[in-house]
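Novice: After the structure tokens below, expect a handful of questions from me.
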Amino acid sequence: MQLEFYKYQGTGNDFVMIDNRSGFFPKEDTQLIAHLCDRRFGIGGDGLILLENDSETDFKMVYYNSDGNQSSMCGNGGRCLVAFAKDLNVIENATTFIATDGLHHASFEDNGLVSLQMIDVPIIDIKKDHSFLNTGSPHHVQMVEDLEHYNIKAEGAAIRYGELYGAAGSNINFVKKIDDTTFRLRTYERGVEDETLACGTGATAVAIAMNATGQTAATAINVNVEGGKLVVSFDKGENGFTNVFLKGPAEFVFKGTIEI
Ligand SMILES: N[C@@H](CCC[C@H](N)C(=O)O)C(=O)O
């Protein structure tokens, strides 16, 4: 069978996109999804995303990591899926869609950047040398001085598979402060089991953690990732962090068919 796919990327976090509004895609076929995400034997991507019909919103997002397993929210994937939905004429310039962590509002800015509302974050677990929070996906956030030369894959895997997070694991973010409103981020992603060029829920977690731990008082924070620049903004109040938005590019790369 010939499978039609689309490839999108947001700050270098790349995704295979499939229009599954007809429901044809074999969603439980973990091996097939891992194969499609394989960079040598398949299409290649950090994850695969299905765009599906939803009775109450514009569409439904179903996200899989490149290991083939369905997982929690993907911020960059969500922004890319909004661009895909627009290219398919499912939406125009603003949308509400449903994902695994609930409803998301998103819109295109005049400069083409996609702004995506993320879930509220009421609680952050702040420890001496790291923070842990859930921004739709679980994130460990840790400051590292020599971020340029840090072995993200080895150090990230050690924490992800270590005693802190048990079988579920976590995404691991290493951060360096650049100035009062800018941080540099490198992320080890669970389910990819490697460093990716960007992670949207990770950038969101870092911005919130940097504010919560007093590294910045800013509520609009630039997060420089390996694949580009993201901006995270939020309100801070007695209910924690609300009106959280992740903004950045979301771009079509190519489309094609693959024999499955
Ligand atoms: N790249 C994503 C995060 C995807 C989910 C993550 N790998 C997990 O399984 O927790 C993003 O942009 O947020």
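Novice: Rounded to whole Å and ordered largest first, report the semi-axes of the equivalent ellipsoid of the stretch 131-182 derived from its Cα gyration tensor (root of 5λ). Walk me through the numbers on the way to the answer.
Specialist: On the way: eigenvalues 88, 44, 10 Å².
With the √(5λ) rule applied to the stretch 131-182, the semi-axes are 21, 15, 7 Å.
Novice: So in the chain, what percent of DSSP beta bridges are antiparallel if you round to the nearest 5?
Specialist: 80
Novice: If you put +1 on each Lys and Arg Cβ and -1 on each Asp and Glu Cβ, how big is the dipole of the chain around its Cα centre, in Debye rounded to 20? Present the calculation step by step, with values, prior to reporting the outcome.
Specialist: Details: 21 positive and 36 negative charges, 54 e Å.
Value, rounded to 20: 260 debye.
Novice: Can I ask one more? Structure shown: which of Lys27/Lys86; Lys7/Lys127; Lys128/Lys153; Lys27/Lys177; Lys127/Lys236 lie over 30 Å apart, alpha-carbon to alpha-carbon? Display every interim value, and only then the final one.
Specialist: Details: Lys27/Lys86 23 Å; Lys7/Lys127 39 Å; Lys128/Lys153 23 Å; Lys27/Lys177 41 Å; Lys127/Lys236 20 Å.
Going by Cα-Cα distance, Lys7/Lys127; Lys27/Lys177 fall outside the 30 Å limit.
Novice: Return the aspartates and glutamates within reach of Lys60: Cα separation strictly under 15 angstrom, same-chain partners fewer than 8 residues apart disregarded; answer none if there are no such residues.
Specialist: By straight Cα distance, Lys60 reaches Asp19, Glu52, Asp101.
Novice: With springs connecting C-alpha atoms under 10 Å apart, model the chain as a Gaussian network and identify which of Pro249, Pro138, Pro122 has the largest mean-square fluctuation.
Specialist: Of Pro249, Pro138, Pro122, the Gaussian network model singles out Pro122 as fluctuating most.
Novice: Beyond 16 Å, what percent of the Cα pairs of the stretch 25-73 remain?
Specialist: 39
Novice: Output the Cα-based Rg and Dmax of the stretch 108-163 in Å, rounding Rg to one decimal and Dmax to a whole number.
Specialist: Every Cα atom of the stretch 108-163 included, Rg and Dmax give 15.3, 46 Å.
Novice: Now a separate question. Relative contact order for the chain: what percent, with Cα pairs under 8 Å and sequence separation of 6 or more?
Specialist: Numbers: 635 pairs, mean separation 58.0, N = 260.
Relative contact order for the chain comes out at 22 percent.
Novice: Evaluate the Kirkwood expression for the hydrodynamic radius of the chain, namely the inverse of the mean inverse distance over all pairs of different C-alpha atoms, and round to one decimal in Å.
Specialist: Averaging 1/r across every pair of different Cα atoms and inverting gives 18.3 Å.
Novice: Still on this structure: Rg to Rh ratio, the stretch 87-212, alpha-carbon atoms and Kirkwood radius?
Specialist: Rg/Rh: 1.00.
Novice: In Å, what Kirkwood hydrodynamic radius results for the stretch 59-136 from the alpha-carbon pair distances?
Specialist: Values: mean 1/r = 0.0721 Å⁻¹.
It works out to 13.9 Å.
Novice: Do you know the relative contact order of the stretch 175-218, to the nearest whole percent, from alpha carbon pairs under 8 angstrom that are 6+ apart? Spell out each step's value before the answer.
Specialist: On the way: 39 pairs, mean separation 14.8, N = 44.
Relative CO of the stretch 175-218 lands at 34 percent.
Novice: Related question: Over the stretch 1-136, what lengths in whole Å, largest first, do the semi-axes of the equivalent ellipsoid take, defined as the square roots of 5 times the eigenvalues of the alpha-carbon gyration tensor?
Specialist: Value: 24, 20, 14 Å, ordered largest first.
Novice: Please give the charge dipole size of the stretch 1-144, origin at the Cα centre, charges +1 on K and R Cβ atoms and -1 on D and E Cβ atoms. Round to the nearest 20 debye.
Specialist: Working: 10 positive and 20 negative charges, 72 e Å.
That gives the stretch 1-144 a dipole magnitude of about 340 debye.
Novice: Can you tell me the order of 144-151, 224-231 when each peptide is scored by its average per-residue count of other Cβ atoms within 10 angstrom, highest first?
Specialist: In decreasing order of mean packing, 144-151, 224-231 become 224-231, 144-151.
Novice: Can you tell me the Rg and Dmax of the stretch 1-52, counting just the alpha carbons, in angstroms?
Specialist: 10.7, 32
Novice: Please tell me the relative contact order of the stretch 110-151 in percent, rounded to the nearest whole number, where contacts are Cα pairs under 8 Å and at least six residues apart.
Specialist: Numbers: 33 pairs, mean separation 10.5, N = 42.
Once normalised by length, the contact order is 25 percent.
Novice: Output needed for the stretch 173-260: three equivalent-ellipsoid semi-axes, defined as square roots of 5 times the C-alpha gyration tensor eigenvalues, in descending order, whole Å.
Specialist: Working through the eigenvalues yields semi-axes of 28, 14, 13 Å.
Computed from the coordinates by the stated procedures, all read-outs in this text should not be read as laboratory data. Please read these numbers as outputs of a predicted model, since none were measured by experiment. When we count neighbours, we look across all protein chains shown, and the Cβ atoms used for this are built from the backbone with ideal geometry, even at glycine.
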